[in-house]
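Enquirer: Before I ask anything, here is the structure I am working with.
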């Protein structure tokens with residue numbers, strides 16, 4: 001999940017862990033059926049996605065063109081199954097080892113392309129604050 005933000009931050013245990021100004025807040029879920037190619041495919045999509053406004057107010061610019069930053073937050077709850085009952089099931093989420101590996105690979109691929117990436121804490125209870133710009137929220 002991508003959110004275009006004016007600012008975003010993550011707190012764990014009352015302490016600021018990561019903070020960005022203009023850029024993208026990425027809520028990253030990994031499914032148990034995701035392939036090894038997914039981090040590369042999605043990092044390319046994030047880098048090239050033109051969701052920032054140009055001088056005419058059209059969404060024509062990508063994260064690199066605006067010198068934006070990324071805050072990447074692992075979020076297994078994106079794979080919640082709510083079809084039965086009222087308590088979500090998470091059987092479609094990847095196990096923790098795979099999820100952490102894919103999330104870290106994804107973040108590293110963004111960094112290898114000169115994106116400034118700040119991260120949340122894998123497996124932690126986090127408080128995420130953001131000012132959504134637009135609002136623009138896109139599900140990949």
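The values are calculated or read from the model by the stated rules, or taken from the named source; none is laboratory data. What you are looking at is a predicted structure, and each value in this text was computed from that prediction instead of being measured. Every residue, glycine as well, gets a Cβ built from its backbone with ideal geometry; the counts of neighbours run over all protein chains shown.
Enquirer: For the range 91-113, state whether one or more residues are assigned to a loop (DSSP other than H, G, I, E, B), at pLDDT below 95 and exposed (fewer than 14 other Cβ atoms within 10 Å of the Cβ).
Expert: Yes; the residues of the range 91-113 include at least one that is assigned to a loop (DSSP other than H, G, I, E, B), at pLDDT below 95 and exposed (fewer than 14 other Cβ atoms within 10 Å of the Cβ).
Enquirer: Here is a follow-up. For the range 23-57, which positions are farther than 16 Å from residue 3 by Cα and in a helix (DSSP H, G or I)?
Expert: In the first step, residues of the range 23-57 are kept if they are farther than 16 Å from residue 3 by Cα; the result is 30-41, 44, 54-57.
Across the range 23-57, the qualifying residues are 38, 39, 40, 41, 44.
Enquirer: Consider only pairs whose beta carbons are under 9 Å apart and that are at least six residues apart or on different chains; among these, list those whose first residue lies in the range 122-133 and is in contact (Cβ under 8 Å) with a residue 24 or more places away in the chain and on the phi > 0 side of the Ramachandran plot and whose second residue is surrounded by fewer than 16 Cβ atoms within 10 Å (Cβ to Cβ) and not in a loop (DSSP other than H, G, I, E, B).
Expert: Cβ pairs passing all conditions: 123/96; 123/100.
Enquirer: Here is a check on your reading of the model: is residue 76 surrounded by 14 or more Cβ atoms within 10 Å (Cβ to Cβ), modelled with pLDDT under 95 and either closer than 20 Å to residue 132 by Cα or under 18 Å from the mean Cα position of the chain (by Cα) (or both)?
Expert: Against the criterion (surrounded by 14 or more Cβ atoms within 10 Å (Cβ to Cβ), modelled with pLDDT under 95 and either closer than 20 Å to residue 132 by Cα or under 18 Å from the mean Cα position of the chain (by Cα) (or both)), residue 76 qualifies.
Enquirer: Output the number of the condition that residue 27 fails; it satisfies all remaining conditions of (1) within 22 Å of residue 12 (Cβ to Cβ); (2) out of contact with any helix residue (DSSP H, G or I) (no Cβ under 8 Å at 6 or more places or on another chain); (3) in contact (Cβ under 8 Å) with a residue 40 or more places away in the chain.
Expert: (2) is the only condition that residue 27 fails.
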